[in-house]
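Peer 1: First the structure, then my questions, so here it is.
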Protein chains: 2
Amino acid sequence: MIRRTPQQPRERGIPDATVARLPLYLRALNGLAERAVATVSSEDLAVAAGVNSAKLRKDLSHLGSYGTRGVGYDVQYLIYQISRELGLTQDWAVAIVGVGNLGRALANYGGFVSRGFRVAGLLDADPEVVGDHIAGLVVEHSDELESVIAKRGVSIVVIATPATAAQAVCDRVIASGVTSILNFAPVVLTVPAGVDVRKVDLSIELQILAFHEQRKVNGGPVMGEEWAGEVS
Amino acid sequence: MIRRTPQQPRERGIPDATVARLPLYLRALNGLAERAVATVSSEDLAVAAGVNSAKLRKDLSHLGSYGTRGVGYDVQYLIYQISRELGLTQDWAVAIVGVGNLGRALANYGGFVSRGFRVAGLLDADPEVVGDHIAGLVVEHSDELESVIAKRGVSIVVIATPATAAQAVCDRVIASGVTSILNFAPVVLTVPAGVDVRKVDLSIELQILAFHEQRKVNGGPVMGEEWAGEVS
DNA sequence: TAGATTGTTAATCGATTAACAATC
DNA sequence: TAGATTGTTAATCGATTAACAATC
């Protein structure tokens, strides 16, 4: 049971839509910090993050009152508060399963390592790939999955395997006690309640673009074509 | 001006949330088709796609009445209708700018080529990479961006460059008349009205996972730590 | 006809936004 | 104090869901 002390009366439950935008604000704030900006208004930060300023203020109000009326937000302080809220002030050990081009791209991705995340394991089923040195790590065989998770305290697993292997990897990962999975394989993973799966799907984004592109070009789906198949 | 003839009275404007799910349904349907399933109920298709069946029926109702009461949906026919709605019955030429690990992963990604999309150009600024053969294409120099877009009828550009190069590439692409961009670089791109940018952000998904993981482990952000910085 | 399942209605829920009182 | 900007209210909008009449 989680006990709320009088010192932390803020109600739980930050809206999902807000959580999804916090990383955006964090990135914009880091950009400002690099340019040595000390204070920023909701209006300016909203422009940098590409959102409406009312939405930004509403989002930040869910975390607490970290701004100063008439002044704005202290950049460093807000970076700290958002980082803390997202859990980035602690270190998360991540394992990447599947070391093809995508897995390599992820392993080398600066954004992973920089803030809060540490790639603690790279695993692949292909003996040709096992032993390769990537981003300072040696690729291990997928057979080691359970022991890597246990020994290195992995709490988040990234699945970058072919679609056919993803569910089996997912099952083993969950059996090892991991409850946070980032899936790049183009399949819907089946998981028990309590396990969080987030999905990045490259082709879905492209299909959504095509939908809008089609409307620009044609004003809608092609109507001239006839359905050549049979309907039962 | 787009004129609506009496033959196509269906009102325009499929909700964004629906459009974003159509690719999911399409994938589930293709899975059923491979297993030679002829007909599927909204309940079964919903399970395969990982959504609520009421939502599925509501989504499909925006496209038209393609089901049969008491029976379900004809798999092949629904594949055709969703494909047409998404604009996948035509061929879109895609150029990928930035041929690092991520660009290579995208170029080799089966999902791109299979349905409606054709990688028509790979471009990179690094002379070391120019000339490489990837996925049946030769990598060209970024200087050729405008001519590749014009000569090969590219209508969708994927930006997989480092963050620092993304906005400049984006500007040139838009100047060449492209209005659909898929951005993998971790920056907010500034574009004029009428240009669609979709964004895939690898680290943002990880940060959202960390947020939820933290709540499982601690019940919330670490409260013991003190802010060590100064607030103006 | 009886059983099954769609397509739609209406209620509910959550997210967005403008406006402004609070306050630095 | 006067000007600026936050944090919050309340209205609006869009998405989700259960329920069921229509109908195959």
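The values are calculated or read from the model by the stated rules, or taken from the named source; none is laboratory data. Just so we're clear, the structure is a prediction, and the values are computed from it rather than from any experiment. No Cβ is skipped: glycine too gets one built from the backbone with ideal geometry, and neighbour counts run over all protein chains shown. Areas reflect the complete protein model, heavy atoms only, side chains present, ligands, DNA and RNA absent. Shrake-Rupley method; radii C 1.70, N 1.55, O 1.52, S 1.80 Å.
Peer 1: Scan the stretch B:147-166 for residues that are under 23 Å from B:Pro186 (Cβ atoms) and in contact (Cβ under 8 Å) with a residue 60 or more places away in the chain and jot them down.
Peer 2: B:Ile156, B:Val157, B:Val158, B:Ile159, B:Ala160, B:Thr161, B:Pro162, B:Ala165
Peer 1: For B:Thr68, indicate whether it is among the polar types (S, T, N, Q) and touching a strand residue (DSSP E or B) at 6+ places or on another chain (Cβ under 9 Å). Steps first, answer last, please.
Peer 2: Values: among the polar types (S, T, N, Q): yes; touching a strand residue (DSSP E or B) at 6+ places or on another chain (Cβ under 9 Å): yes.
Yes.
Peer 1: Could you check the stretch A:83-105 and list, in sequence order, the residues that are farther than 30 Å from A:His141 by Cβ and either more than 16 Å from DNA strand C (Cβ to nearest atom) or more than 10 Å from every other protein chain (Cβ to nearest Cβ) (or both)?
Peer 2: A:Ser83, A:Arg84, A:Leu86, A:Gly87, A:Leu88, A:Thr89
Peer 1: Specify the residue that is nearest to A:Gln214 (Cα to Cα); the eligible residues are those in the stretch B:62-72 that are within 10 Å of another protein chain (Cβ to nearest Cβ) and in contact with a helix residue (DSSP H, G or I) (Cβ under 8 Å, 6 or more places away or on another chain). Quick ask: steps written out before the conclusion?
Peer 2: Start the filter on the stretch B:62-72 by keeping residues that are within 10 Å of another protein chain (Cβ to nearest Cβ), which leaves B:63, B:66, B:68, B:71-72.
Of the ones still in play, those that are also in contact with a helix residue (DSSP H, G or I) (Cβ under 8 Å, 6 or more places away or on another chain) are B:63, B:66, B:72.
Numbers: B:Leu63: 15, B:Tyr66: 21, B:Gly72: 28 Å.
Looking at the filtered set, the residue picked out is B:Leu63.
Peer 1: Tell me yes or no: at least one residue of the stretch A:81-98 is away from DNA strand D (no atom under 11 Å from the Cβ), farther than 30 Å from A:Val173 by Cα and of a type outside the set (A, V, I, L, M, F, W, C). Full working, then the answer.
Peer 2: Residues of the stretch A:81-98 away from DNA strand D (no atom under 11 Å from the Cβ): A:82-98.
Okay, now just the ones that are also farther than 30 Å from A:Val173 by Cα, so none.
Within the stretch A:81-98 (the criterion being away from DNA strand D (no atom under 11 Å from the Cβ), farther than 30 Å from A:Val173 by Cα and of a type outside the set (A, V, I, L, M, F, W, C)), the answer is no, since none of the residues qualifies.
Peer 1: Can you say whether B:Gly110 is at negative phi, at the interface with another protein chain (Cβ under 9 Å from one of its Cβ atoms) and open to solvent by 40 Å² or more (accessible area, probe 1.4 Å), as far as the supplied structure shows?
Peer 2: Details: at negative phi: yes; at the interface with another protein chain (Cβ under 9 Å from one of its Cβ atoms): yes; open to solvent by 40 Å² or more (accessible area, probe 1.4 Å): yes.
Against the criterion (at negative phi, at the interface with another protein chain (Cβ under 9 Å from one of its Cβ atoms) and open to solvent by 40 Å² or more (accessible area, probe 1.4 Å)), B:Gly110 qualifies.
Peer 1: Could you grab the pairs with beta carbons closer than 8 Å, sequence gap of 6+ or different chains, first residue in the stretch A:28-41 and under 13 Å from A:Tyr77 (Cβ atoms) and assigned by TED's automatic domain parsing to the domain that holds A:Asp74, second one at pLDDT 95 or above and of a type in the set (D, E, K, R)?
Peer 2: Cβ pairs passing all conditions: A:Ala38/A:Asp74; A:Thr39/A:Asp74.
Peer 1: Taking the criterion of being more than 14 Å from DNA strand D (Cβ to nearest atom), of a type outside the set (Ser, Thr, Tyr) and either out of contact with any Asp or Glu (no Cβ under 9 Å at 6 or more places or on another chain) or assigned by TED's automatic domain parsing to the domain that holds B:Arg118 (or both), would at least one residue in the stretch B:67-76 satisfy it?
Peer 2: yes
Peer 1: Just give me the residues in the stretch A:56-70 being within 10 Å of DNA strand C (Cβ to nearest atom) and under 21 Å from the mean Cα position of the chain (by Cα), in sequence order. Steps first, please.
Peer 2: Start the filter on the stretch A:56-70 by keeping residues that are within 10 Å of DNA strand C (Cβ to nearest atom), which leaves A:56-59, A:61-62, A:65, A:67-70.
Within the stretch A:56-70, A:Leu56, A:Asp59, A:His62 qualify.
Peer 1: Every residue in the stretch B:42-52 that is touching a residue at least 12 places away in the same chain (Cβ under 8 Å), of a type in the set (S, T, N, Q) and within 21 Å of A:Lys199 (Cβ to Cβ), please.
Peer 2: Those that are touching a residue at least 12 places away in the same chain (Cβ under 8 Å), of a type in the set (S, T, N, Q) and within 21 Å of A:Lys199 (Cβ to Cβ): none in the stretch B:42-52.
Peer 1: Mind checking which residues of the stretch B:32-61 are open to solvent by 20 Å² or more (accessible area, probe 1.4 Å), within 12 Å of DNA strand D (Cβ to nearest atom) and within 12 Å of chain A (Cβ to nearest Cβ)?
Peer 2: Hits for the stretch B:32-61 are B:Thr39, B:Gly50, B:Val51.
Peer 1: Answer yes or no as to whether A:Tyr73 is modelled with pLDDT of 95 or more and open to solvent by 10 Å² or more (accessible area, probe 1.4 Å).
Peer 2: Yes: the conditions hold for A:Tyr73.
Matching residues to (1) under 30 Å from B:Asn218 (Cβ atoms); (2) touching a residue at least 24 places away in the same chain (Cβ under 8 Å):
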{"residue": "A:Gly110", "(1), (2)": "yes, no"}
{"residue": "A:Gly121", "(1), (2)": "yes, yes"}
{"residue": "A:Asp132", "(1), (2)": "no, yes"}
{"residue": "A:Leu145", "(1), (2)": "yes, yes"}
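Peer 1: Read through the list (1) more than 15 Å from A:Glu146 (Cβ to Cβ); (2) of a type in the set (Gly, Ala, Ser); (3) touching a strand residue (DSSP E or B) at 6+ places or on another chain (Cβ under 9 Å), then give the number of the only condition that A:Ser176 fails.
Peer 2: Of everything listed in (1) more than 15 Å from A:Glu146 (Cβ to Cβ); (2) of a type in the set (Gly, Ala, Ser); (3) touching a strand residue (DSSP E or B) at 6+ places or on another chain (Cβ under 9 Å), A:Ser176 misses just condition (1).
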